[in-house]
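What follows is one structure encoded as structure tokens, with my remarks underneath.
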Amino acid sequence: MMKTVAHIAAPISPESTQIRSAHRKSAIRWKIALLTSLAMASVTAVIGIVIGLFELLGLLANETDLSVIGTVLLVSTFPIAMFSAHCLEKAREAQRALREECRRNNL
């Protein structure tokens, strides 16, 4: 004996479409912020390391403005990386909210 399961889709309301659209836009915004902050963290880290290596190898004079900039770039890498982690978490939350909204509306 076979069971028949009928799925009745809930009507799609304009409100649910707007909510899905808002979740989708939010996820896209957080992903753009994630990619931007990751690029910024990578660039600041690489430039700071290169300047630090030049100073370590004696290619830069001691206490120059460039050596201070290298240190500032290295130190600023960590808050930018933390912001990247925050963006990743928010993008995942927006994706989960979108998935949940689609489940609720049987989409």
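Points to keep in mind about this one:
- Couplings for segment 96-104, taken from phi via the Karplus curve 6.51 cos²θ - 1.76 cosθ + 1.60 with θ = phi - 60°, read 4, 5, 5, 4, 5, 5, 5, 5, 4 Hz in order; Gly and Pro are left as x.
- Rg/Rh for segment 20-104 (Cα atoms only, Rh after Kirkwood) is 1.28.
- Its relative contact order, with pairs defined as Cα atoms under 8 Å and 6+ residues apart, puts segment 20-104 at 51 percent.
- Computed from backbone phi, the HN-Hα couplings of segment 24-35 come to 5, 5, 5, 4, 5, 4, 5, 5, 5, 5, 4, 5 Hz, rounded to whole numbers (Karplus: 6.51 cos²θ - 1.76 cosθ + 1.60, θ = phi - 60°; Gly and Pro given as x).
- From phi via Karplus (6.51, -1.76, 1.60), per-residue ³J(HN,Hα) for segment 82-90 in Hz, x at Gly/Pro: 5, 5, 4, 5, 4, 4, 4, 5, 5
- Listed peptides 70-83, 48-61 appear in the order 70-83, 48-61 once ranked by packing, highest mean of other Cβ atoms within 10 Å at the front.
- Of the residues Ala81, Ile47, Ala61, the one whose Cα sits farthest toward the positive end of the charge dipole of segment 20-104, with +1 on the Cβ of Lys and Arg and -1 on the Cβ of Asp and Glu, is Ala81.
Values in this text are rule-based calculations from the coordinates and carry no lab data. Everything numeric in this text was worked out from a predicted model, so none of it was measured. Virtual Cβ from ideal backbone geometry, glycine too; neighbours counted across all protein chains shown.
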